[in-house]
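Structure first, commentary second.
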């Protein structure tokens, strides 16, 4: 049955309209979770507020398990779902640059749009930075094209990479998440938090 | 005051489950998932094509983008989705009475310092999201949902680096 658009159950235009509604749900949930606040987001790196870790990993394991179950029921063909391509060096370097941007800027791109939507000026300035950053990458592209395309591995699933079943890998992620939640609850009690 | 403020956000685990359901819905409907940086890339390509069409035809980055995409760059799934994020975030702010002009930072620094670092952080995140082929949403969250190797690498690199640098930038936040 799913994905609906790939199986031509809905049209491309309907797909774009639904993208808008998916975005509304995404933005609403992020804001309700507290992702519009840069001090809440940065809190996870100091232990005083671990909302990022809790929402992000609960979201990731919910989505991962949900998709595995939908696949098991035959409601979605995971072979037709987009899996990101892996370019190993570019992925690591990009992640490191993004991590530095996260601790300096206090937002990531999705959350900055959320913050800007409710009037956070730091989020708006962060978005200006995002546009500048993408523009810099685009203009300098010939300089780092080689690095960008190095280490291509296709679109592997991590379970294939470790040669274990998808369900078993998912179980490991769930265990890791529960341990992190436990650590997060402990850290929030240990580190004082101011009002913001 | 502090009690009211602390309880005003949704329980993070419930918010996480809802977030997961959004990702499942996106995959079920569209065979793909949420992302943010891709929409910014589309906007940059569209802007350059409008302002400097000759440059867009010659420069490699824009040429490669056009080869992979047909039609107006702004007529894309991620662009509509990000417009939705603005609407959804705003609606949530209305419902929870959080609409206010504000700059958040540690009391130890000035707003100006915060904004300079916000700009710098945005620039870095913009550059990094291109190398990473997606940001925290598009690469890490969406990638992990479909067990993408790249998604897990992005997640570990982003959070690992932020943790490693947290001490150096502590004055911004605590």
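The values are calculated or read from the model by the stated rules, or taken from the named source; none is laboratory data. Because the structure is a prediction, the values reported are computed rather than measured. Note: ideal-geometry Cβ built from the backbone for every residue, glycine included; neighbour counts use all protein chains shown.
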Tell me yes or no: at least one residue of segment A:17-38 is surrounded by fewer than 24 Cβ atoms within 10 Å (Cβ to Cβ), closer than 22 Å to residue B:118 by Cα and either assigned by TED's automatic domain parsing to the domain that holds residue A:179 or within 15 Å of the chain's Cα centre (by Cα) (or both).
no
If you go through segment B:91-104 one residue at a time, do you hit one that is within 7 Å of chain A (Cβ to nearest Cβ), in contact with a strand residue (DSSP E or B) (Cβ under 7 Å, 6 or more places away or on another chain) and assigned to a loop (DSSP other than H, G, I, E, B)?
yes
Tally up the residues in segment A:57-107 that are part of a loop (DSSP other than H, G, I, E, B), free of Cβ contacts under 8 Å to residues at least 60 places away in the same chain and within 7 Å of chain B (Cβ to nearest Cβ), please.
1
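Run down A:130, A:147 and say which single residue is touching a helix residue (DSSP H, G or I) at 6+ places or on another chain (Cβ under 8 Å), in contact (Cβ under 8 Å) with a residue 12 or more places away in the chain, assigned to a helix (DSSP H, G or I) and crowded, with 23+ Cβ neighbours inside 10 Å.
Numbers: A:147 fails: crowded, with 23+ Cβ neighbours inside 10 Å.
Answer to the check: A:130.
This table checks each residue for (1) surrounded by fewer than 24 Cβ atoms within 10 Å (Cβ to Cβ); (2) under 24 Å from residue B:82 (Cα atoms); (3) more than 7 Å from chain A (Cβ to nearest Cβ).
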position: B:110; (1), (2), (3): yes, no, yes
position: B:120; (1), (2), (3): yes, yes, no
position: B:135; (1), (2), (3): no, yes, no
position: B:140; (1), (2), (3): no, yes, yes
position: B:155; (1), (2), (3): yes, yes, yes
position: B:161; (1), (2), (3): yes, no, no
